[in-house]
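Throughout, read-outs are computed from the coordinates displayed, never taken from laboratory work. The structure displayed is predicted, hence computed values, not measured ones. Here Cβ is always computed from backbone atoms with ideal geometry, including for glycine, and neighbour counts include all displayed protein chains.
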Amino acid sequence: MTDSTWLNRDRQFIPGKELFRSERSFHLLAYTASHSQLLMRSIGQPDEPGEPETTIDLLFKPAAVVKISTEYRGLAIRCATEAESEQVKADHAGMYFGRDDRVFVLESQGESDYVVAMAVGWTEGILGRTQQSFFNNFHPARPVVWPSRPLSGVDAGLDIASAQELVEALSAEESGTIRRERHRHVYVVMTRTIRPDGPDVTGAGVFLTRADAEEAQAVITAKSVDCWIEELPVAL
């Protein structure tokens, strides 16, 4: 079962009201410049042996101002009081704030941070191993590519794995339980040849860098074969 909450209405934001509380640990997972989305995550241990762990994805959108830590041990989120809201906006006097920009106070272990955003929401449930988040799902109306990042759009690359991580993933024994939270891209050289029964589209090779793929593409194209490169994510 997946539980979701999304808050973006005036009546939901009473000054000083607590919106969310959890004793679990949360960490910064992703930020994307597209719609200024800020995503935090908690992965909890099951209450009973044999039960799957659950994931909580917590999203602020669009985030205009952010003052947060990379990790929290226990987290409460509440609406700022009027005085707190005025102080935060005064500290950022050079910015324009619309009427729907709200100050959310993040509290953990006696410390306070804040995010200024129009909305906040969270989802808790069992996240598939190759599913990057509850807020970026595969949808057939979009380009038919499996989501490789927790958030759609231009991001800060927080989830891109290093080359060393890729090597370790390729050499490690297969694991049926490890979370696939990071990724690298591979470059597939595709070819199309026309045969009597129709076009034959095949993958000629998979390369770890675009430079290698372009070199192979040049060789194949020189043979008068229709050829192009497709960039695909590999979940690690």
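Taking the chain as a Gaussian network of alpha-carbon nodes connected by springs under 10 Å, the highest mean-square fluctuation of the residues Ala117, Ala222, Ala161 belongs to Ala222. For the stretch 116-122, the Karplus equation 6.51 cos²θ - 1.76 cosθ + 1.60, evaluated at θ = phi - 60°, returns couplings of 9, 8, 8, 8, 9, x, 8 Hz by residue, with Gly and Pro reported as x. Note on Ser112 and Ser34: the extension gain reaches 25.4 nm, defined as 0.36 nm multiplied by sequence separation minus the Cα-Cα distance.
Packing, taken as the mean count of other beta carbons within 10 Å per residue, orders the peptides 178-190, 89-101 from highest to lowest as 178-190, 89-101.
Between Ser162 and Arg192, the distance separating the two model label sites (each 7 Å from Cα on the Cα→Cβ line) works out to 4.1 nm.
Take the chain, drop everything but the C-alpha atoms, weight them equally and run the Debye formula without solvent; then report log10 I(q)/I(0) at 0.11, 0.13, 0.14 Å⁻¹ to two decimals. Listed by q, the Debye log ratios stand at -0.71, -0.89, -0.98.
Positive end of the dipole of the chain (Cβ unit charges, origin at the Cα centre): among Leu28, Gly94, Leu106, the Cα lying farthest that way belongs to Gly94. Shown here is the pair-distance distribution of the stretch 1-139: with all Cα-Cα distances grouped in 5 Å bins from zero up to the longest one, the shares run 2, 9, 19, 23, 20, 13, 7, 4, 2, 1, 0 percent. Charged side chains reduced to their Cβ positions (Lys and Arg at +1, Asp and Glu at -1) give the stretch 163-235 a dipole of some 120 debye around its Cα centre.
Between Thr193, Thr209, Thr70, the Gaussian network model of the chain with springs among Cα atoms under 10 angstrom shows the greatest mean-square fluctuation at Thr193.
Under Stokes-Einstein, with the Kirkwood radius over Cα pairs as Rh, the value for the stretch 163-235 at 37 °C and 0.692 mPa s is 233 µm²/s.
Here the Karplus relation 6.51 cos²θ - 1.76 cosθ + 1.60, evaluated at θ = phi - 60°, turns the backbone of the stretch 76-88 into coupling constants of 10, 10, 9, 6, 5, 5, 4, 5, 5, 4, 5, 5, 4 Hz, with x for every Gly and Pro.
The stretch between Asp212 and Thr130 holds 26.8 nm of extra length on full extension. This uses 0.36 nm per residue minus the Cα-Cα distance. Modelled label positions at Lys17 and Leu232, each set 7 Å beyond Cα in the direction of Cβ, lie 4.8 nm from each other. Find the lysine pairs in the chain meeting two conditions, Cα atoms under 27 Å apart and a separation of 8 or more places or different chains, and report how many there are. For the chain, qualifying lysine pairs total 5.
On the basis of the beta-carbon distance and an R0 of 41 Å, Ala222 and Asp10 show a calculated FRET efficiency of 0.05. Measuring r between the beta carbons of Lys67 and Tyr96 and using R0 = 25 Å, the FRET efficiency lands at 0.90. GNM remark for the chain: springs join alpha carbons under 10 Å apart, and the peak mean-square fluctuation among Thr123, Thr54, Thr221 falls on Thr221.
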